[in-house]
Amino acid sequence: MTLSKTSASETMPVGRTNTRGAECHEGPFEPGRAALMGDFVGRNKLFVLGLGLFLIILLTALFAPWLAPYDPNNIDFSVKLEGPSWAHWMGTDDLGRDILSRVMFGARTSLIIGINVIAVAMAIGIPIGLVSGYFGGRLDSILMRLTDVFLAFPPLLLPIAITAALGPSLINAMIALAISWFPWYARIMRGAVMSIRSNLYVSAARTMSISHLKILVRHILPNAWTPALVQASMDFGYTILAAASLSFIGIGAKPPAIEWGLMVSLSRSKFLDYWWTAAFPGLAIFVTVLAVNLIGDGLRDILDPKSRGQQ
Amino acid sequence: MTTLLSVTGLNVSFPSIRKTVRAVRGVSLSLDEGEIVALVGESGSGKTMTAMATMGLLPDSAEVTGECQWLGRSQSLSPRGNRKSLAGQHAAIIFQNPLTALNPFFTIEQQLTDVALASGKVSRKTVLPVLLDKLSRVQLPDPAQVLKKYPHQLSGGQIQRVVIAMALVCQPRVLIADEPTTALDVIVQAEILQLLQSLAREEGLSVLLITHDLGVVASLCDRVEVMYAGEIIESGQMSDVLRSPAHPYTRKLMATVPDIRGGATVLEYISGQVPDLSRPIRGCAFKERCDRRLPVCDESPPVRALNDGQRYRCHLTSEQEVEFS
Amino acid sequence: MKAIKILLLGVAISLSLTVAHARTLTYAMYGDIKDWDPAAAFSLEVVMLANVYEPLLWYNPEGADERFTPALATDWSVSDDGLSWTFTLREGVTFQDGTPFNAEAAKLSLDRTREMRQGAWYIWAGVESIEAIDTHELVITTETPQPIDLIASSQYGAYIYSPDAAEQGTDWFNEGNAAGTGPYQVRQWSQGQQVVLEAFDQYWGGWEANQYDRVILRVVTENATQVQMLMSGEADFISLVPADIVDRVDQEVGLSSYAVPSWKNSQFLINTQKYPTDNRAFRQALTHLWDYDSVVNEVYDGHASVGEGPIPKTMWGHNGDLQNPTFDLERARELLNESGIPESDWEISMAYIGTDEAYKNSALLFQAMAAQVGVDVDLLPGDWGVIWNRAKDLSTAPNLQSMTWWPTYPTPNDWLIGLFRTEDSTLFNLSHYSNPEYDRLVTEGAALEGYDREAAVQNYEEAQRILVDDAVAIFYADIQSRVARATDIGGVQENPAYNAVFFYDLYEQ
Amino acid sequence: MKTYLAQRLVQMFFILLGVLTLTFLLSRVLPGSPVEMMLGHRPSVEQIEAARAELGLDKPVAVQFLVYLRDLAQGDLGTSLRTGQPVTSDLFNRFGATFELTTLALTIVIVVGIPLGVLSAVRQNTWPDHVVRTTSIAGMALPVFLIAMLMQMVFYGRLGWFPLQGRIDAEIALDFPFAQRTGFYLVDSLLAGQWEAFKSAALHLVLPVVTLAMASMAVVTRITRNTMVEVLQQDHIRTLRAYGVGSRKVYYKYALKATLIPLLTVIGLAYGYMLGGSVVVEFIFDWPGMGGYAVGGITRNDFPAVMGATLLLAVIYLSLNLVIDLLYHLVDPRLELK
């Protein structure tokens, strides 16, 4: 009883509930999470829109081989550079390949890029952030200076340099993006860890001489991953954009890879006359990133309502 | 005694697409000159909403109905565009947590000056002496020095005094203080409360003191209004209510009044939760948490009055109460 | 809001924009001038070189009455033994820096070019000495008979420049300086952006009123951009014309676009030393997987013709009786099976310049065809410097390497020796081909060229046969030069010997 | 202030050293050798060997790095293999182009994007807010290259209002020459009184600047709005409003200043976006700046150029962040410098 009293007053400083303005009304009503979700969805049509779009894109990517009307690599000069028609909804490119089919297969590439880059960036960044935040001290400063070095480059410049160094290819572009992205996860994780490191249960765990690894994995990680996840959902779209930009300037995906940025890039000499060669892949990038951003936005509201006001 | 403020049948709700939160339901209260009234209730009971509605400070999305009179003159309660209204003329509000109440980027002087000028009662020429005067009234030593400072250079207690001074700059008749001491330590709390009391006594200022902590304000206040789930469930002279609380909720509240150290909330001791105000409430709002629940509690409870002006909203009669205690 | 204001402002400015123009021609070139020193330049520089400098002779396009047009030499003759060439030089010519032109100056610059051993110096490799025997008499002596008239008309390494400039050296040139005798002088160079040429008042040929006073060479690397600039009138003449827009541009009012024969040809060199293309049958199979007609008709939109062996069909010495491979999947299958290479190893890599759409589309088509017979093609597009460097080293070389070749001066041995003769250290023999019999044929042929062209041609024809039989490359296209320009430019004449436009010949119609 | 500055400078020095090491290592991993680029189309074997020796490519990597650091200390970034010019002078020539482009774009973003964000926050949940929010979230999904291509298509291709690419009309630059003093063509041409040159430079700036601005505008507007919403919910703002202080004063004096620190961060971020975006924009508009120089160098294995450009861009970015950091201290009385 006594304990609950202390903790209640500690974790819920009085007067805090009202500082967020009228939207929160007075104090928490503590409705169930499901109710909160329902209410959230009701308020947030954009999130639903994003989710819907993303589902369509995801399904397209998954079932591209069955959905695509043509083999995306099938060359047919007899229909070279034809505009949108019933046979080719999005027209054809300079090799007579069906652009709709290529856009569908392109969805795979973009989603794979997004997932891989974020996964690798998290895989590198999270352990660094965990260790850095948990142990602190000199190790922390060394690791953080290290991430500073990576953050010293304007966005996009480092991935470009790394891709070039490794040799232009889709895989290398993904590696480069992941390397440029991991410091953000290290930072976020470190922040989250530091804020909970001092919490009672961790100190308690430490005094009971449980191994550091166990504390990190059992106690800290489960409580610190939310900000990283929120960040990931926001980064997903930007990753796809960055990869498309790399492909566009010629150091990302290469033919015969089917990638939207590359498709736009290869259409540059023609798009004034054959607008569909660039328009549809460009639109695909836009819609996908938009969907992902809308979802990221919504997810942040659900997972981390406190950060609602921030970026 | 003149009645400075009277509110009748105040309702505040926040409509949205899926549901409407009815935060305040049928609240009536009044404030006389020089009187200190406590508005008591736990978090989420609608105290702040009531105060904000009275001041016309709710966001535009709020729906407010009811009547409000300042010194006998009616005032619209609609939240849209009445900030320079009677409320603004006659009342000032102090929000909880003084530490965030002042803008960290501006000196005390800049902020007080802007507030003073906005009140329309002070001109740019006369503003400085007024500020110095108000600051000394709130017993701040060396007011001239204080004016030059930024908020972070002052202590919590000093800031709260500045905030009160800011309220006084507008020369209000009514001061609404929303949890003015919860962020402060116990000793400073006592000083601030004392200050409020002396201001009320010496300047004829009426104070509406919003608090969740009855114990802290008990000795200070003339009257008390107890709120629960958006309604006033008991009201009366402080001494009467303290001596014989009539509503089961008030009784519980009394029972949990802590000793002198207990600045922190103890309301968690009342088991159960405040009802969801977005759903219609059938009967008594407190019934789920009440030890004395009767079948009749599913019906709306009547307001009962005791002999000396104490009122409460419950199915229990005073006889039953006596029996119970 | 602000953006809109700026836009409107821009519109207002653009409407009020009026400037008095000199008679200016804007030419879009696809790369900057890198080597300003005419002794070293060996690439895109020819656009500038051929207008700022002059050689002793110009080589005439096919169909002209004479093989050569006199440039700085007005007359020339060769001794009976074919070893001594005498050039009578033009009088009254000055370099753009004011230095008079004479035999001594010509000797000095040719000697410097030979001694620097850079760029195309090797065209003079057979020269023993160059002597100025009179103020305007130059004698060039060779060890064995050499076609010095041809060599002297080379598009690289044969330009005459001011002795004063030569003395200042390469660094001076590379600041964007030039001092030739040609009709235009360099007025300004903004690195990576443009070279401004202006009429040289004292040019010995004189000037007509409607010739261009000023030529701006704009560096525009993207062919899309070049086309857009032409369409908008920002450029009058462009150098990169995608095949598929030729007809469309030609339909535009005020624009003219067409293709003309050239001595450029394209091939994919097949690595003869790297598994599995070290197998001859396997290489032959690859040459049958190439869809020659589609590439020429679709990828090049008909502005090319199917190549027949290493030498373009319009170049002298071309062997017209070669057994050229045809697109034949069945035959390819047979050859693959004959080759003895296990099917699991039917994997080859293919490198090409990534920015070139023709390469890219040809490669994609080849990849698709190869897939039909079970050959896996890994595409390796890249920048020329990068892929070339890889191709030279056997450990990093691809199986197939893109190559487009044009001659330094008009001779078939430029292909035969440059691309396929054994090299101690690989430079352009990216097939890594080495065949003693072949080497003998082309080396002898080169020596014969100067005095017995018939015999040389015989050697060359045999050499071409060997290359086709050995399937050292997929010889797929003789490319036409594609031209796109404003119609009001008169005097345009194509000369396959030079990768340049002669601005002096042009005039405003 | 001095101690703080010194501290920051030391920190920056170490980061720079890290940046240097990273770019150096990257450039040594490059697949091709740079020599071929340097020597042009058909060099001889001897030339290649000589060039390798001259560049020090035959020495161990550690030695090469030390040599590089030594040269750097003397302001020598090496010679570009592509242009044959010293990288320092190449960068010097291109710096103005990038700086003019990004500065103007940043100005637009500050003048348009931030007020839009403020408007959106002040009118929270009204239609202007919805429009701004929806547009900005959509804007964030638009790739820079697509914006650039659309710009070219509409304003050059269809309307012909603005030039396609480049920084100034070649002829005009020739006929109306002006000295390069600031590196900003707009300023230099005016200083020289060359009105025609100024017009040409202005016209050439419009499309790339607007493209770059649009690309960062969405992000900036969005962050500004969210920050401002946060600030408007703070107690001190509510206090002032409760006392009837006018909206204008509350928003533009009190709220804006409280937003300044996050906004400074946003501006720093936006500038970073722009330096990154300038790579693509300069590529498409053939803008003779550092971003295009870096990309050109990368695809052609011109590692001194890449290293130089990357280094300079990183230094600019770092310095900007330093300046912003110092500005915090000017703006925020709580961070008094000792």
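Just so it is clear, none of the values below were taken in a lab; they were calculated from the coordinates. None of the values given here were measured: they were computed from a predicted structure. Counting neighbours? That spans all protein chains shown, and the Cβs are built from the backbone with ideal geometry, glycine included.
Things worth noting here:
- Taking the longest Cα principal axis of chain D as reference, the axis of helix D:2-29 is set at about 50 degrees.
- For the pair C:Ser344 and C:Asp164 in one chain, pulling the backbone fully straight at 0.36 nm per residue adds 58.4 nm over the alpha carbon distance.
- Calculated log₁₀ intensity ratio I(q)/I(0) where the Debye formula runs over C-alpha points of chain B, q = 0.08, 0.09, 0.14 Å⁻¹: -0.38, -0.48, -1.13
- Theoretical ellipticity at 222 nm over the protein assembly as shown - DSSP helices of four or more residues, -39500 (n - 2.57) apiece, nearest 500: -15000 deg cm²/dmol
- Shielding of peptide D:220-227 by partners, expressed as the average count of other chain Cβ atoms within 10 Å per residue Cβ, is 2.
- Cα point-scatterer Debye curve for segment D:99-331, base-10 log of I(q)/I(0) at q = 0.07, 0.08, 0.18 Å⁻¹: -0.29, -0.37, -1.31
- Cβ-derived FRET efficiency at R0 41 Å, A:Leu67 paired with A:Ile302, nearest 0.05: 0.85
- For the peptides C:89-95, B:209-215, the ranking by packing is B:209-215, C:89-95, with the highest mean count of neighbouring Cβ atoms within 10 Å listed first.
- Peptide D:161-173 has a mean shielding of 6, counted as Cβ atoms of other protein chains within 10 Å of each residue's Cβ.
- Farthest positive-ward along segment B:3-324 dipole, Cα basis, beta-carbon charges - from B:Tyr228, B:Leu128, B:Asn11: B:Leu128
- Applying 1/(1 + (r/R0)^6) with r as the Cβ-Cβ distance of C:Glu437 and C:Asp328 and R0 = 30 angstrom yields a FRET efficiency of 0.60.
- Spin-label pair D:Ala62/B:Leu128, simplified geometry with 7 Å Cα→Cβ offset, distance in nm: 7.1
- The modelled label-to-label distance between D:Ala50 and C:Glu62, using points 7 Å beyond Cα along the C-beta direction, is 3.9 nm.
- Hz values of 3J(HN,Hα) by residue in segment A:80-89 - Karplus curve (6.51, -1.76, 1.60), Gly and Pro given as x: 4, 6, 8, x, x, 8, 5, 6, 10, 4
- Directionally averaged shadow of chain C, computed from the convex hull of its alpha-carbon atoms, nm²: 27.1
- Each of D:Leu159, B:Leu135, B:Leu10, A:Leu67 has some number of other Cβ atoms within 10 Å of its Cβ, and from fewest to most they run D:Leu159, A:Leu67, B:Leu10, B:Leu135.
- Modelled FRET efficiency - R0 51 Å, A:Leu146 with B:Ser136, Cβ distances, 0.05 increments: 0.35
- Reducing segment C:269-303 and segment C:349-374 to their Cα centroids gives an inter-centroid distance of 10 Å.
- Taking other Cβ atoms within 10 Å as a rough exposure proxy, C:Trp346, C:Trp263 sort from fewest to most as C:Trp346, C:Trp263.
- Simple spin-label estimate for D:Asn125 and D:Thr21 gives 5.3 nm between the two label positions (7 Å along the Cα-to-Cβ direction from each Cα).
- Evaluated over the Cα positions of segment C:261-481, the convex hull gives a direction-averaged projected area, one quarter of its surface, of 11.2 nm².
- Sequence of C:Asp293, C:Asp65 once ranked by neighbouring C-beta atoms within 10 Å, starting from the fewest: C:Asp65, C:Asp293
- Globularity index of segment C:18-68, i.e. its alpha-carbon radius of gyration over 2.2 N^0.38 Å: 1.55
- Our coupling estimate for segment A:123-133, obtained by passing each phi through the Karplus curve with A = 6.51, B = -1.76, C = 1.60 and θ = phi - 60°, is 4, 7, x, 5, x, 4, x, 4, 5, 4, x Hz, Gly and Pro reported as x.
- Per-residue mean of C-beta atoms belonging to partner chains within 10 Å, peptide D:146-153: 5
- Kirkwood Rh in Å, taken over the protein assembly as shown so that all alpha-carbon pairs contribute: 37.6
- Applying a threshold of 27 Å to the alpha-carbon distances of A:Lys254/C:Lys274; D:Lys199/D:Lys253; B:Lys47/D:Lys253; C:Lys107/C:Lys392; A:Lys45/A:Lys270 flags D:Lys199/D:Lys253; B:Lys47/D:Lys253; C:Lys107/C:Lys392; A:Lys45/A:Lys270 as lying beyond it.
- Whole-Å distance, taken between Cα centres, linking segment C:55-126 and segment D:170-192: 42
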